[in-house]
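Novice: One structure, pasted below without further comment.
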Amino acid sequence: MNALKIDKGTSSKSAYNIRSIHGTDEERHTLAVIVANEPGVLARVIGLFSGRGYNIESLTVAEVDHEGNTSRITIVTTGTPQIIEQIKAQLGRIVPVYDVHDLTVEGPSVERELSMFKVSGTGDKRVEALRLADVFRANVVDSTLTSFTFEVVGSPEKIDAFGELMRPLGLTEMARTGVAALARG
């Protein structure tokens, strides 16, 4: 899980927002990569991205078949259509990669992320934080006299929205797991 200390002076833009840097039509894509569960595979996949200057917006990895010894790497990245095609082709050439799926183009998919938010405050801000948490179906997983820790599960957009609403109420720290995604149907 990635933890992030919130600095009041930093930009409130999420890494998940799609940006056009040079006026190009960059797109956000979610890739599901099935790989051999062995040492060094993740390093090779990540090395492909870093070596060519591609950015990873989100990354999750977990073993999905213990008997088959396979893991699933879910990568959210952005790029022009040509860059995305190049990424997929290069991933497919890595030896321990069995399959590469672009969930963005293969049809409808479901994306979820787990996050935790620490919100410090008293009085009206504390009451408002609890009210908004209820609207977002956030669970209180820790509480002190001066802070709450909320757990929120949902789409990256839901996580972003909750964070933006908590920021003025005393958001001090957050952690996000990264996107987990599956094709629908």
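Novice: Within the stretch 102-121, is there a residue that is surrounded by 13 or more Cβ atoms within 10 Å (Cβ to Cβ) and closer than 21 Å to Asn37 by Cβ?
Specialist: The answer is yes, given that some residue of the stretch 102-121 is surrounded by 13 or more Cβ atoms within 10 Å (Cβ to Cβ) and closer than 21 Å to Asn37 by Cβ.
Novice: Under the condition of being within 18 Å of the chain's Cα centre (by Cα) and not in a strand (DSSP E or B), which residue from the stretch 51-83 is surrounded by the most Cβ atoms within 10 Å (Cβ to Cβ)?
Specialist: The qualifying residue surrounded by the most Cβ atoms within 10 Å (Cβ to Cβ) is Tyr54.
Table: residues versus (1) assigned by TED's automatic domain parsing to the domain that holds Ala43; (2) small (Gly, Ala, Ser); (3) touching a residue at least 40 places away in the same chain (Cβ under 8 Å).
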site: Pro81; (1), (2), (3): yes, no, yes
site: Glu113; (1), (2), (3): no, no, yes
site: Phe117; (1), (2), (3): no, no, yes
site: Lys125; (1), (2), (3): no, no, yes
site: Leu132; (1), (2), (3): no, no, no
site: Ala138; (1), (2), (3): no, yes, no
site: Thr144; (1), (2), (3): no, no, no
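Novice: Taking only the stretch 124-172 into account, find how many residues are assigned to a helix (DSSP H, G or I) and closer than 19 Å to Arg112 by Cα.
Specialist: The qualifying residues number 12.
Novice: Sticking with this structure for a sec: Could you check the stretch 151-164 and list, in sequence order, the residues that are at pLDDT 95 or above, crowded, with 19+ Cβ neighbours inside 10 Å and touching an Asp or Glu at 6+ places or on another chain (Cβ under 9 Å)?
Specialist: Val152, Ile159
Novice: Moving on to the next point. Sort through Arg167, Arg131, Arg176, Arg184 and tell me the only one that's surrounded by fewer than 17 Cβ atoms within 10 Å (Cβ to Cβ) and either within 30 Å of Val105 (Cα to Cα) or in contact with a Pro (Cβ under 6 Å, 6 or more places away or on another chain) (or both).
Specialist: Numbers: Arg167 fails: either within 30 Å of Val105 (Cα to Cα) or in contact with a Pro (Cβ under 6 Å, 6 or more places away or on another chain) (or both); Arg131 fails: either within 30 Å of Val105 (Cα to Cα) or in contact with a Pro (Cβ under 6 Å, 6 or more places away or on another chain) (or both); Arg176 fails: surrounded by fewer than 17 Cβ atoms within 10 Å (Cβ to Cβ).
Exactly one residue qualifies, and that residue is Arg184.
The values are calculated or read from the model by the stated rules, or taken from the named source; none is laboratory data. Worth saying up front: this structure is predicted, and the values here are computed from it rather than measured. Virtual Cβ from ideal backbone geometry, glycine too; neighbours counted across all protein chains shown.
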